[in-house]
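Input: a single structure, listed below in structure tokens.
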Amino acid sequence: MDSTTDLSEAYWSDRYRQGATQWDAGAITTPLKTYLDQVIDKDLKILVPGGGNGHEAEYLHQQGFKKVYLLDFAPEPLANFKARCPDFPEDHLLEQDFFQKTDLTFDLVLEQTFFCALPRPMRVAYARQVFDLLKPSGKLVGVLFSEEFAAEGPPFGGNAFEYQAYFEPYFHFKHFALCYNSIKPRQGKELFMVLERRDKAAFIA
């Protein structure tokens with residue numbers, strides 16, 4: 001399967017219509033829940049990019065965070081989310097390409113299964129886009145797969161050394177290690193990261 005086709009809106013819409021969403025755990029996963037449960041400031045402006053059915057956004061909304069934005073360019077998962085969370089602000093549902101130019105900036109970007117949907121040639125652009133979306137000292141927090149997959153993606157795997165090369169020009173590494181609390185199917189296969197935006201990029205990729 002061609003990786004550029006994989007990233008099309010039609011491809012992902014078809015996956016949601018067919019229920020072929022094996023990456024969807026059905027709820028917020030333990031690593032992100034554990035991190036978010038210790039976040040005190042509920043005024044943070046938070047983006048969940050490529051958020052699919054939006055379990056992370058739903059959890060944050062339930063916990064009283066008011067500035068949560070869910071982004072996906074397939075309409076089906078956003079419709080699923082809206083049906084579950086009818087009181088979620090309509091203008092916080094962003095049906096658009098993550099790489100589209102925007103004036104929005106955020107305190108926190110949450111990563112959960114979006115990065116692994118991107119083939120390697122797009123990963124440098126992902127790191128730069130998160131840098132551009134974050135406010136000064138903003139954070140990128142989430143999980144990355146720490147394995148290579150035998151089957152052709154998506155998902156696309158990788159390793160810590162590779163990921164560090166993408167993110168080092170744009171972020172300070174506050175935490176970057178194997179998850180101790182992954183959900184059972186992913187135990188030993190995930191890295192948890194807390195990266196803080198640099199004042200300026202170390203170089204322009």
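The values are calculated or read from the model by the stated rules, or taken from the named source; none is laboratory data. It should be emphasised that the depicted structure is a prediction, and the values quoted were computed from it without experimental measurement. Cβ: placed from backbone, ideal geometry, glycine included. Neighbour counts: every protein chain shown.
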Count of residues meeting criterion [without any contact (Cβ under 8 Å) to a residue 60 or more places away in the chain and of a type in the set (Gly, Ala, Ser)] in region 60-82
2
In region 110-168, how many residues are in contact with a Gly (Cβ under 6 Å, 6 or more places away or on another chain) and among the charged types (D, E, K, R)?
3
Pairs with Cβ under 7 Å, 6+ apart, first in region 36-59 and surrounded by fewer than 18 Cβ atoms within 10 Å (Cβ to Cβ) and at pLDDT 95 or above, second among the β-branched types (Val, Ile, Thr) and part of a strand (DSSP E or B):
none
Has region 142-149 got any residue that is over 15 Å from the mean Cα position of the chain (by Cα), in contact (Cβ under 8 Å) with a residue 12 or more places away in the chain and either part of a helix (DSSP H, G or I) or surrounded by fewer than 20 Cβ atoms within 10 Å (Cβ to Cβ) (or both)?
yes
Report yes if Phe171 is modelled with pLDDT of 95 or more and on the phi < 0 side of the Ramachandran plot, otherwise no.
yes
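Looking at Lys135, Lys101 in this structure, which one is among the charged types (D, E, K, R), assigned to a loop (DSSP other than H, G, I, E, B) and either modelled with pLDDT under 95 or surrounded by fewer than 21 Cβ atoms within 10 Å (Cβ to Cβ) (or both)? Please lay out each step first, then the result.
Values: Lys135 fails: assigned to a loop (DSSP other than H, G, I, E, B).
The match here is Lys101.
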Go over the candidates Gly51, Gly64 one by one and state the one that is out of contact with any Gly (no Cβ under 6 Å at 6 or more places or on another chain), in a loop (DSSP other than H, G, I, E, B) and within 22 Å of Pro155 (Cβ to Cβ).
Gly51
Expected single match for modelled with pLDDT under 85, touching an Asp or Glu at 6+ places or on another chain (Cβ under 6 Å) and over 18 Å from Gly51 (Cβ atoms) among Gly153, Gly157 is Gly157
Residue check: is Pro77 over 24 Å from Phe131 (Cα atoms) and surrounded by 20 or more Cβ atoms within 10 Å (Cβ to Cβ)?
yes
Take Val130 and decide whether it is under 17 Å from the mean Cα position of the chain (by Cα), within 24 Å of Pro77 (Cα to Cα) and part of a helix (DSSP H, G or I).
yes
Would you pick out the residues in region 104-116 that are in contact with a strand residue (DSSP E or B) (Cβ under 6 Å, 6 or more places away or on another chain) and either of a type outside the set (A, V, I, L, M, F, W, C) or part of a strand (DSSP E or B) (or both)?
Thr105, Phe106, Asp107, Leu108, Val109, Leu110, Glu111, Gln112
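So, in region 155-175, how many residues would count as being in a strand (DSSP E or B) and either under 16 Å from Tyr126 (Cβ atoms) or in contact with a Cys (Cβ under 7 Å, 6 or more places away or on another chain) (or both)? Lay out the reasoning, then the answer.
Start the filter on region 155-175 by keeping residues that are in a strand (DSSP E or B), which leaves 171-175.
Within this subset, residues satisfying the condition of being either under 16 Å from Tyr126 (Cβ atoms) or in contact with a Cys (Cβ under 7 Å, 6 or more places away or on another chain) (or both) are 171.
So the answer is 1.
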Go through region 78-98 and give me each residue that's under 27 Å from Ser137 (Cβ atoms), in a helix (DSSP H, G or I) and in contact with a Leu (Cβ under 8 Å, 6 or more places away or on another chain).
His92
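Looking at Arg186, is it more than 25 Å from Gly64 (Cα to Cα), of a type in the set (Lys, Arg) and touching a helix residue (DSSP H, G or I) at 6+ places or on another chain (Cβ under 8 Å)? So that I can check it myself, show each step before the final result.
Working: more than 25 Å from Gly64 (Cα to Cα): yes; of a type in the set (Lys, Arg): yes; touching a helix residue (DSSP H, G or I) at 6+ places or on another chain (Cβ under 8 Å): no.
Taking the combined requirement at face value, the residue does not satisfy it.
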